[in-house]
Amino acid sequence: MLVAYYPFNGNAIDESGNGNDGTVYGATLTSDRFGNDNSAYYFDGEEDYITIGENVKPPFPVSISSWIYLNEIKIECIIRNDKVDSGSYRYGLAIYIMSDGKIKAVYYEGFSASWNRLGKESNDSIATIGGWHHYLVVFAEHMNIKLYWDGTEIEGEYDGTGSGMSYSSDIGTIGHFKTNTGPPPNRYFNGSIDDIRVYERVLSEDEINALYIEGNPSFVDELKQCTSNLKIYPNPFSSETSINFSNPNNSNYKLSIFNISGNKVFEMDNIKSDKIEFKRGNLPEGVYMIELKGEKVFRSKIVVK
């Protein structure tokens, strides 16, 4: 289940349909990783943040996906769905960048002691200043947190002893670590954030790769260059689809289909027409890359639903 989705297309509306709209405080619209104006939010690292209400609080398992652009490496929070109150009681879950460039995800048990939480921090410094990066965390259950950076799982170590996660009735925030007595200044995010998604489930490896690949500008640019003479309809499809491409000389082409891990899952050769009726067969649901190679090379994305 998708609990909240913030594509930041000119506003902080939750486009999951669940009504968890954000309220913007200081953050300003900026260009996203594709160069689209007013399609991400810029946070100045001082007083900018977005509140996301009190209902973005799913139980385990939880997956959080985000795209971030860092202007500074320090302890800064991308999203936290609850608070630390005036008595230092900690609630909810959060994902961070640390001062040494490591990435960290934490869930809190609802107590004041710092060890009453469980965090997982990457072994190596991952984050860098400049450039858009995909940062995703899966909170599967107690002692089962997975960190992903640009589609790759990152090894890390656990700290703390928290045995579960607790929520309060307070709001969550994007771009800073909220407390009832005012957030520490060095917890504000400095940079740009886009496309935050919160799921009440564990995302599969294929889904995680799809979120990274589909949101990667270089992948999108490649598709734009290769699809001008390639038409696929319907797409997405459930049983079969038509693949039409330019082949005026009836040249010999080979069709290959790859899953998002790069493994070839289908192949057909000796194609000399300009149309292929492709049947799904036993192909699982998911996102795939198709390649037609012959006199020219055509590539595109297909989605099996």
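The values are calculated or read from the model by the stated rules, or taken from the named source; none is laboratory data. Here the structure is a predicted model, which means the values were calculated and not measured. Quick reminder, even Gly has a Cβ in these numbers, built from the backbone with ideal geometry, and neighbours come from all protein chains shown.
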Any hit, region 62-73, residues being outside any strand (DSSP E or B) and either within 19 Å of the chain's Cα centre (by Cα) or surrounded by 20 or more Cβ atoms within 10 Å (Cβ to Cβ) (or both): no
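For region 248-305, which residues satisfy the criterion of being among the polar types (S, T, N, Q), part of a strand (DSSP E or B) and in contact with a helix residue (DSSP H, G or I) (Cβ under 9 Å, 6 or more places away or on another chain)? Don't jump to the end; show me each part of the working.
Quick first cut of region 248-305, residues among the polar types (S, T, N, Q) only: 249-252, 256, 259, 261, 263, 270, 273, 282, 300.
Filter once more, so that each one left must be part of a strand (DSSP E or B): 256, 259, 270, 300.
Correct list: N259, S300.
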Hits in region 195-212 (condition: surrounded by 20 or more Cβ atoms within 10 Å (Cβ to Cβ) and in a helix (DSSP H, G or I)): I208, N209, A210, L211, Y212
Of residues in region 116-137 being assigned to a loop (DSSP other than H, G, I, E, B) and in contact (Cβ under 8 Å) with a residue 60 or more places away in the chain, the one farthest from I64 (Cα to Cα): G130
E54 in the same structural domain as E141 (by TED's automatic domain parsing), out of contact with any strand residue (DSSP E or B) (no Cβ under 7 Å at 6 or more places or on another chain), surrounded by fewer than 20 Cβ atoms within 10 Å (Cβ to Cβ) and farther than 22 Å from L203 by Cα: yes
Condition check for F8: of a type in the set (A, V, I, L, M, F, W, C) and at negative phi: no
Of residues in region 141-177 being at pLDDT 95 or above and aliphatic (A, V, I, L, M), the one surrounded by the most Cβ atoms within 10 Å (Cβ to Cβ): I174
Hits in region 258-302 - residues which are at pLDDT below 85 and touching a Gly at 6+ places or on another chain (Cβ under 8 Å): N259, I260
Verdict on D159 being within 18 Å of R197 (Cβ to Cβ), assigned by TED's automatic domain parsing to the domain that holds S204 and touching a residue at least 12 places away in the same chain (Cβ under 8 Å): no
Residues (surrounded by 17 or more Cβ atoms within 10 Å (Cβ to Cβ) and not in a strand (DSSP E or B)) located in region 1-34: P7, F8, A12, D14, S16, N20, G22, A27, D32, R33
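Return the only residue of S65, S86, S99 being out of contact with any His (no Cβ under 6 Å at 6 or more places or on another chain) and at pLDDT below 90. Before the answer, list the steps.
Values: S65 fails: at pLDDT below 90; S99 fails: at pLDDT below 90.
Just a single option satisfies the conditions, and that option is S86.
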Selection count where residues are closer than 18 Å to N209 by Cβ and either buried (at least 17 other Cβ atoms within 10 Å of the Cβ) or hydrophobic (A, V, I, L, M, F, W, C) (or both), scope region 267-290: 6
So I78, is it modelled with pLDDT of 90 or more, closer than 15 Å to R187 by Cα and in contact with a Ser or Thr (Cβ under 7 Å, 6 or more places away or on another chain): yes
Sole exception among (1) among the hydrophobic types (A, V, I, L, M, F, W, C); (2) under 20 Å from the mean Cα position of the chain (by Cα); (3) surrounded by fewer than 23 Cβ atoms within 10 Å (Cβ to Cβ) for I79, by number: (3)
